[in-house]
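The values are calculated or read from the model by the stated rules, or taken from the named source; none is laboratory data. Every value quoted in this text rests on a predicted model; they were computed, and no experiment measured them. Virtual Cβ from ideal backbone geometry, glycine too; neighbours counted across all protein chains shown. Keep in mind that these areas ignore ligands, DNA and RNA; they rest on the heavy atoms of the full protein, side chains included. Shrake-Rupley method; radii C 1.70, N 1.55, O 1.52, S 1.80 Å.
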Amino acid sequence: MINFEHVLKVFKNSWTALYDINLKITSGEFIFLVGPTGAGKSTILKLIYHAEKPNSGKLNVLDYNLHDHIDDNKVAELRRKIGIVFQDFKLLNERTVYENIEFVLHVTGTRPQLIPEIIISSLNLVGLANRKDFFPYQLSGGEQQKVAIARALAKEPKILLADEPTGNIDYKGSAEILSLLKTINYNGTTIIMATHDNVLAETSKKRIVSLENGKILSDGV
Amino acid sequence: MAFKFLSQEAFKNITRNKSSFFLSSGVSAACLLLFTIFLVLTINVYRIKNTVEDRIEISAFLTDNANQIELTDKIMQLDGVKQVQYISKDDALKELRIDLGENSNILDILQRNPLPASLRVKINPDYKLPTKLGELEQKISLLKGIRETWSGKDIIVRLHNIISVVAGFDIGILFIVFISVIFIVSRTVEATILARAREIEIMKLVGATSAMVKFPFYVEGFFQGLLGSIVSFLITVIIFYFISSFVPFLQMPYLLILVFNIFWGSILGIGGSYIALSRILK
Ligand SMILES: Nc1ncnc2c1ncn2[C@@H]1O[C@H](COP(=O)(O)OP(=O)(O)O)[C@@H](O)[C@H]1O
Ligand SMILES: [Mg+2]
């Protein structure tokens, strides 16, 4: 489903963020990317959703060759199959929870008559259907992240990428987010979660890919 | 594509920053109005030229002993001559009476008819250019029995000059209008794009196509230009309404002016959006 072979990523300022990355992720897995700040976790996620291009090596995601040239419409198509959540949630503050999800569904070409039902069922999945008319600033950090997850799930992605999803959230909220992600994974979505919180990853008994200075140190359960 | 939703987004963008939208539409309207006024002017000068050209004929005044039948034959053989009509001294006086209307009684004090007989020479349309007309007039004036000729050639030359100056102005103004409308619209749309950076980022992350990302901004630019063009048209109509009582022969091709304004207004609005988008979104 995702395959990195000898992937090298050098940024424009000639900083090498990733050296010779080999990583195979199969459908239905739950993977933690762990490592200190600057290790290259976000860069790996960006390569997967093609916000960055590899400098050399091979990268395949859902049958798209991301090492070759790929046109913008193909990138958009790939991204519609991937859900992404971030540490800062990336919600639109002047729109309600409902409208945030609605926005994404419209701009990804969902049939309008299906949209209300999809929004309610994805909010039910994260347990926030009763908050649909709230604005993001009226919610706790944990709730905002759940809205972001609901928004990502609304498109029924094959892969869910989470970049430090618990980074801005207290301990109890983090535990809730993690258990929510596990439920989503249990229902069949592949999940890749980047975190600098080793403890959170280790208590989960999932595959952990440990990165440091752009290299994979270890990979296993 | 989600046209309806994206258009609603465009209208949200517009209402969120009404003042720049109206400012931009207003400047577009002023620019288009400037050009529209020149266009109306050009159309009217052109019309006057055509009317004058239609009426062009050469009057060849005869000496008292001239043989008008022989001269008519000779003139008919010249290139470009369509028809020759003999106006006797009496006919000339009658025409003058009609022209003078109720003032015609001043002619009663005349002892005898001072007007000369003449040949009125009608000309083919392609001989109505100043140079050809001049040559023809020259040939006629050299015939024996012709005292003098008159063709109004000078008026045509002057009209041709006016038209080329006005047309030059039109092109110059059109150029200025193009640049100004595109500039002001692109600046306004750029501000909207920057204000919508978050939405654009999310759209790209979730896999909206670039057409979807850009569509609302094209809608915004289009409506700026469209509103500008409608305002320009309405002001033109109002101006014309007031002026036409002073200058009754002035003509106003409403439909042409409307179509012209809307066409260029929307094209330039969309062009402004295009420039803004290609400057800010890669
Ligand atoms: N756009 C960029 N330009 C230059 N260097 C970058 C860029 N993005 C990330 N880096 C560098 O690449 C390294 C890896 O970054 P990142 O993947 O964000 O780390 P992590 O997510 O593990 O904290 C860091 O040293 C970072 O400074
Ligand atoms: Mg990071």
Quiz item: What pairs in A:Lys81/B:Lys204; A:Lys41/A:Lys74; B:Lys122/B:Lys144; A:Lys74/B:Lys204 have C-alpha atoms more than 18 Å from each other?
Solution: A:Lys41/A:Lys74; B:Lys122/B:Lys144
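Using only Cα atoms, what Kirkwood radius does chain B have, in angstroms? Don't skip to the end; give the middle numbers.
Numbers: mean 1/r = 0.0420 Å⁻¹.
When all Cα pairs of chain B are included, the Kirkwood radius is 23.8 Å.
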Quiz item: In degrees between 0 and 90, to the nearest 10, how far off the longest principal axis of chain B does helix B:254-280 point, with axes built from Cα atoms?
Solution: 40 degrees
Quiz item: Ordered by residue, what ³J(HN,Hα) values in Hz, to whole numbers, does the stretch B:99-110 give under the Karplus form 6.51 cos²θ - 1.76 cosθ + 1.60, where θ = phi - 60° and Gly and Pro are x?
Solution: 4, 6, x, 6, 8, 5, 5, 5, 5, 5, 6, 5
Exercise. Let me have the relative contact order for chain A, percent, based on Cα pairs under 8 Å that are six or more residues apart.
Key: 30 percent
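Beyond 26 Å, what share of the Cα-Cα pairs of chain A is found? Please give it as a whole percent. If you can, show how the numbers build up before the last one.
Working: 8554 of 24310 pairs.
Result: 35 percent of Cα pairs exceed 26 Å.
So with the 1.4 Å probe, I'd like the accessible area per residue for the protein assembly as shown, rounded to whole Å².
Numbers: 26040 Å² over 503 residues.
It amounts to 52 Å² per residue over the protein assembly as shown.
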Quiz item: Considering protein heavy atoms only and a 1.4 Å probe radius, which residues within the stretch A:76-91 exhibit an accessible-area decrease of no less than 50 Å² in the full assembly relative to the chain by itself?
Solution: A:Arg79, A:Lys90
Quiz item: Once you list every other residue whose beta carbon is under 11 Å from the beta carbon of A:Asn55, what net charge do they have if Lys and Arg are +1 and Asp and Glu are -1?
Solution: +2
Exercise. Distance between Cα centroids, the stretch A:184-212 to the stretch B:74-103: provide it in whole Å.
Key: 106 Å
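Once you mark the chymotrypsin sites (Phe, Trp or Tyr not before Pro) that are in a DSSP loop and have at most 12 other Cβ atoms within 10 Å, what is the longest gap between them in chain A? Display every interim value, and only then the final one.
Working: sites that count: A:Phe11, A:Trp15.
Segment A:16-221 is the longest.
Any idea of the total accessible area buried by the B-A contact, 1.4 Å probe, rounded to 100 Å²? All intermediate terms of the calculation are to be shown ahead of the outcome.
Values: alone 16780 and 11070 Å², together 26040 Å².
So the buried area, both faces added, is about 1800 Å².
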Quiz prompt | Acute angle (nearest 10 degrees) that the helix B:130-141 long axis makes with the longest principal axis of chain B, alpha-carbon atoms | solution = 0 degrees
Quiz item: In the stretch B:57-151, carbon and sulfur make up what percent of the accessible area (probe 1.4 Å)?
Solution: 49 percent
Quiz prompt | Heavy atoms of A:Thr96: accessible area, 1.4 Å probe, square angstrom to 10 | solution = 20 Å²
Self-check item: Rounded to the nearest 10 Å², the accessible area of B:Val259 at probe 1.4 Å
Solution: 90 Å²
Quiz item: How would you order A:106-118, B:218-230 from highest to lowest mean count of nearby Cβ atoms within 10 Å?
Solution: B:218-230, A:106-118
Practice problem: Heavy atoms only, probe 1.4 angstrom, no DNA, RNA or ligands counted: give me B:Met252, A:Met193, B:Met76 ranked by accessible area, highest first. | Solution: B:Met76, B:Met252, A:Met193
Self-check item: Distance from the stretch A:25-39 to the stretch B:1-66 (C-alpha centre basis), Å
Solution: 64 Å
Quiz prompt | Semi-axis lengths, Å, the stretch B:57-151, gyration tensor of Cα atoms, sqrt of 5 times eigenvalues | solution = 27, 15, 10
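Percent of accessible area on the stretch A:1-96 owned by carbon and sulfur, 1.4 Å probe?
Of all accessible area on the stretch A:1-96, carbon and sulfur atoms account for 46 percent.
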Quiz item: Which residues of the stretch A:107-126 end up with at least 40 Å² less accessible area in the presence of all protein chains than when their chain stands alone, using a 1.4 Å probe?
Solution: A:Val107
Quiz item: Mean separation of Cα pairs under 8 Å and 6+ residues apart, divided by the residue count of chain B: what relative contact order is that in percent?
Solution: 31 percent
